[in-house]
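Engineer: I am attaching a structure below and will ask some questions about it afterwards.
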2 protein chains.
Amino acid sequence: MIYNQAFQSFNDQIQLTKEEKAYLRTLLEFKKFKKKELIVRNGEISNNYFYVIKGCLRSYIIDSKGLEQTIQFSSTNWWWADNESLLYDSPSKFNLAAVMDTEILIFNKKGKENSLKKYPKLERFYSIALEKSVIYLRNRLFQILSDNAETRYMKFCEQFPELINTVPQKQIASYLGVTPEFFSYMKRKINAALL
Amino acid sequence: MIYNQAFQSFNDQIQLTKEEKAYLRTLLEFKKFKKKELIVRNGEISNNYFYVIKGCLRSYIIDSKGLEQTIQFSSTNWWWADNESLLYDSPSKFNLAAVMDTEILIFNKKGKENSLKKYPKLERFYSIALEKSVIYLRNRLFQILSDNAETRYMKFCEQFPELINTVPQKQIASYLGVTPEFFSYMKRKINAALL
């Protein structure tokens, strides 16, 4: 069941045979993480790919003032990986933690390489997953550089409706690039305008 | 000669045979653009891949206040593509222009698809190019959310030494997310400290 959910994300791009699915299953490890549990620690090499079955992951950094800044939320059915650490075996700049109780499938670098040797057609899937990451990150940059905080929040609500009331407000504030105080003020203003 | 330069960027990842190079050559179109010339206009579908032989491209947006905000510089030997427009046939959110007189090779979507049908091993090259884009964009987000403007400028100088004195200062300011006035003030401050 949980594996089928992950295979669905492959199937959007390439058709997997029964045999291929059975093989991929041997590479995927199922894990549960508690709310706030750290999965990747900044400074350590991260050579895994993570697929969210249920819940949400958050990648974040600690800025020069010691504050947490959220880079990305990865919700149900999203993949996350530290591509820099994977490609160059460099220490990760990011922390990855479970925002709430979260179930994931983990796939390591060696597993990916083996899967490509055995089934080269999988490269197509990885390539499209990467293309979607480029699109997401460029849109995130676009929003930060172009939109005001209110518009960014409205777009966040559209993109992640499931996170609005489940993720701590200060994490959403840092994702939007505003202080928690300004975020509260902005939400009050929006709610007042909607009344 | 110009083609060999582009093939080198493939060769870093996969070995190309003579026959494959000859085929790829038929797909690549050489073009020259004058300084400031627009290559992709926001609102139009962009179904090309661009490889910079010499010069520099800049992708930018017009923000809600009507100001240009630089998303990305693509210098010599860089690839650029609007992946969202390519994947979904959607109008581009970006403008792409030549920062200075620039020579590029252009590769269109159909050409890419045909190349993959003929030589599936090329998928590996596209996949690593995308992985590098993810790394670049995530680092850019990291810098915007974590570093102060001075540190961002220092990192820009390290990453793009060839652009510091060739790109208009207001374009660098918008890339760094500061006003041209603050950028001038900051540079004077840095120069004074270096004396």
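Engineer: For the range A:95-117, which positions are within 14 Å of chain B (Cβ to nearest Cβ) and either surrounded by fewer than 21 Cβ atoms within 10 Å (Cβ to Cβ) or more than 18 Å from residue A:40 (Cα to Cα) (or both)?
Structural biologist: A:95, A:109, A:112, A:113, A:115, A:116, A:117, listed by residue number.
Engineer: Name the residues in the range B:17-30 that are of a type in the set (Lys, Arg) and open to solvent by 80 Å² or more (accessible area, probe 1.4 Å), would you?
Structural biologist: Across the range B:17-30, the qualifying residues are B:18, B:25.
Engineer: Scan the range B:96-112 and tell me whether some residue there is under 27 Å from residue A:86 (Cα atoms) and at pLDDT 90 or above. Steps first, please.
Structural biologist: Let us first name the residues in the range B:96-112 that are under 27 Å from residue A:86 (Cα atoms), namely B:112.
If we keep only those that are at pLDDT 90 or above as well, we get B:112.
Checking the range B:96-112: at least one residue is under 27 Å from residue A:86 (Cα atoms) and at pLDDT 90 or above.
Engineer: Just checking, how many residues over the range B:140-158 are open to solvent by less than 30 Å² (accessible area, probe 1.4 Å) and either within 15 Å of the chain's Cα centre (by Cα) or aromatic (Phe, Trp, Tyr) (or both)?
Structural biologist: 3
Engineer: For the condition within 14 Å of chain B (Cβ to nearest Cβ), at pLDDT below 95, open to solvent by less than 40 Å² (accessible area, probe 1.4 Å) and more than 21 Å from residue A:137 (Cβ to Cβ), what is the one hit in A:14, A:61?
Structural biologist: Within the list A:14, A:61, the selection yields A:14.
Engineer: Within the range A:118-129, count every residue that is of a type in the set (D, E, K, R), in contact (Cβ under 8 Å) with a residue 12 or more places away in the chain and at the interface with chain B (Cβ under 8 Å from one of its Cβ atoms).
Structural biologist: So the answer is 2.
Engineer: So if I check each of A:35, A:93, which one is in contact (Cβ under 8 Å) with a residue 60 or more places away in the chain and of a type outside the set (S, T, N, Q)? Step through it out loud before you land on a result.
Structural biologist: Numbers: A:93 fails: in contact (Cβ under 8 Å) with a residue 60 or more places away in the chain.
From the options A:35, A:93, the qualifying one is A:35.
Engineer: Okay, moving on. Among the numbered criteria (1) open to solvent by less than 10 Å² (accessible area, probe 1.4 Å); (2) within 14 Å of chain B (Cβ to nearest Cβ), which one does residue A:132 miss?
Structural biologist: (1)
Engineer: Report whether or not residue A:66 is more than 19 Å from residue A:2 (Cα to Cα), surrounded by fewer than 18 Cβ atoms within 10 Å (Cβ to Cβ), more than 13 Å from every other protein chain (Cβ to nearest Cβ) and out of contact with any Cys (no Cβ under 9 Å at 6 or more places or on another chain).
Structural biologist: No.
Engineer: If only one of B:46, B:64, B:90 is small (Gly, Ala, Ser) and over 21 Å from residue A:129 (Cα atoms), which one is it? Spell out how you get there, then give the answer.
Structural biologist: Details: B:46 fails: over 21 Å from residue A:129 (Cα atoms); B:90 fails: over 21 Å from residue A:129 (Cα atoms).
So the residue among B:46, B:64, B:90 that is small (Gly, Ala, Ser) and over 21 Å from residue A:129 (Cα atoms) is B:64.
Engineer: Scan (1) open to solvent by 20 Å² or more (accessible area, probe 1.4 Å); (2) under 23 Å from residue B:140 (Cα atoms); (3) β-branched (Val, Ile, Thr) for the single condition residue A:71 breaks and write down its number.
Structural biologist: (1)
Engineer: Which residues, taken from the range A:40-58, are under 24 Å from residue A:170 (Cβ atoms), open to solvent by less than 70 Å² (accessible area, probe 1.4 Å) and in contact with a Phe, Trp or Tyr (Cβ under 9 Å, 6 or more places away or on another chain)?
Structural biologist: A:40, A:50, A:52, A:55, A:56, A:57, A:58
Engineer: Report yes if some residue within the range A:159-167 is closer than 26 Å to residue A:45 by Cα, surrounded by 17 or more Cβ atoms within 10 Å (Cβ to Cβ) and not basic (Lys, Arg); otherwise report no.
Structural biologist: No, the range A:159-167 contains no residue that is closer than 26 Å to residue A:45 by Cα, surrounded by 17 or more Cβ atoms within 10 Å (Cβ to Cβ) and not basic (Lys, Arg).
Engineer: Restricting to the range A:136-158, name every residue that is more than 14 Å from chain B (Cβ to nearest Cβ) and free of Cβ contacts under 8 Å to residues at least 12 places away in the same chain.
Structural biologist: Within the range A:136-158, A:157, A:158 meet the criteria.
The values are calculated or read from the model by the stated rules, or taken from the named source; none is laboratory data. The model shown is predicted, which means the values in this text are computed figures rather than measured ones. So basically every Cβ, Gly included, is an ideal-geometry build from the backbone, and we count neighbours across all protein chains shown. Each accessible area value is taken on the protein alone, full model and side chains, heavy atoms only, with ligands, DNA and RNA left out. Shrake-Rupley method; radii C 1.70, N 1.55, O 1.52, S 1.80 Å.
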